[in-house]
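*Asks:* So that we are looking at the same thing, I have put the structure below in structure tokens.
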């Protein structure tokens, strides 16, 4: 699609994927491709806009196990995935 976004991942996310077992890596990678349509209500995936420390951030639930946090860069037509956490830790840390 013409309005698809490029999905970029942080070094921290790259490290997470490198250390994950093959099944987890595959599931997370497959779900991160859903962020080519990053806004909640567009494309597929359980996405939500959050306000964290006064900043708009977004999250994607990956199954019932993981949560990816990301930002949208409209100028670059890119999504920057900054963090992947176990879903329980994400809820404790960010309250969502």
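The values are calculated or read from the model by the stated rules, or taken from the named source; none is laboratory data. It should be emphasised that the depicted structure is a prediction, and the values quoted were computed from it without experimental measurement. Methodologically, a virtual Cβ is constructed for each residue, glycine included, from the backbone with ideal geometry; neighbour enumeration extends over all protein chains shown.
*Asks:* Can you tell me which residue among 55, 25 is without any contact (Cβ under 8 Å) to a residue 24 or more places away in the chain and farther than 18 Å from residue 87 by Cα?
*Replies:* After ruling out the rest, the residue left standing is 55.
Let's see how each residue does on (1) under 23 Å from residue 91 (Cα atoms); (2) in a strand (DSSP E or B):
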residue	(1), (2)
4	no, no
31	yes, no
40	yes, no
56	yes, yes
70	yes, yes
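*Asks:* Follow-up. Before we move on, is residue 23 surrounded by fewer than 13 Cβ atoms within 10 Å (Cβ to Cβ), assigned to a helix (DSSP H, G or I) and at negative phi?
*Replies:* yes
*Asks:* Now a separate question. Select, from 76, 89, the only residue that is exposed (fewer than 13 other Cβ atoms within 10 Å of the Cβ) and free of Cβ contacts under 8 Å to residues at least 40 places away in the same chain.
*Replies:* Going through 76, 89 in turn, just one is exposed (fewer than 13 other Cβ atoms within 10 Å of the Cβ) and free of Cβ contacts under 8 Å to residues at least 40 places away in the same chain: 89.
*Asks:* Got a sec? Which of 58, 94, 70 is surrounded by 14 or more Cβ atoms within 10 Å (Cβ to Cβ) and more than 26 Å from residue 3 (Cβ to Cβ)?
*Replies:* One residue alone meets the criteria, 94.
*Asks:* Taking the stated definitions as given, is residue 83 surrounded by 12 or more Cβ atoms within 10 Å (Cβ to Cβ), at pLDDT 95 or above and either outside any strand (DSSP E or B) or over 10 Å from the mean Cα position of the chain (by Cα) (or both)?
*Replies:* It is false that residue 83 is surrounded by 12 or more Cβ atoms within 10 Å (Cβ to Cβ), at pLDDT 95 or above and either outside any strand (DSSP E or B) or over 10 Å from the mean Cα position of the chain (by Cα) (or both).
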